[in-house]
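Below: the structure, in structure tokens.
What follows is calculated from the coordinates using simple rules that are stated; it is not laboratory data. Computed from a prediction, not measured in an experiment: that's the story for all the values here. We place every Cβ from the backbone using ideal geometry, glycine too, and count neighbours over all the protein chains shown.
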């Protein structure tokens, strides 16, 4: 049975992004989502859930200790209250993570009926400094987790929590969102076998 690690992004004193009108937090949304996702996946996969705050070094050691086949970190995007869409972040040189990111961003954006901003590669600051021309358009957000994990890892940014319309869809279609993740995992494992 394949093992999947579900990470609830943020935690402890860090609630992540916040909608300025509803005060909905990224942490609250994804804590509930993780429980729903675990329920939906438990008959087909071994699931481990991780949420102990954001001590980077400790987190990576614990997450890698699970020896998962796949790692999903649940987040929500935030920018200016207007930006909209779905992204999935992956480590720039991981073909497996890239494939899953493409599947996730497609299926999730279709579920919400919002723009697919796509699979977004990430690099560390150190790598970017060594080759600024090659990596000039790549961001570093999320790179620590994506680089340090042993299993293919994606950070899912399903919508912009500070955009009221995106958040409304995220709340109304939470069950469908869980099914989109489940479908994506199945497609991914079928494609890499």
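The figures follow:
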item: Shape category assigned to the stretch 3-192 from the gyration tensor of Cα positions, a/c cut at 1.5; result: rounded
item: Förster radius 25 Å - calculated FRET efficiency between residue 95 and residue 126, Cβ distance, rounded to 0.05; result: 0.70
item: The chain - percent relative contact order, Cα under 8 Å, separation 6 or more; result: 28 percent
item: Normalised contact order of the stretch 84-173, rounded percent, pairs of Cα under 8 Å and 6 or more residues apart; result: 38 percent
item: Mean residue ellipticity (222 nm) of the chain, computed from DSSP H runs ≥ 4 via -39,500 (n - 2.57), nearest 500; result: -13500 deg cm²/dmol
item: Listed peptides 32-38, 60-66 by packing density, highest first (mean Cβ within 10 Å); result: 32-38, 60-66
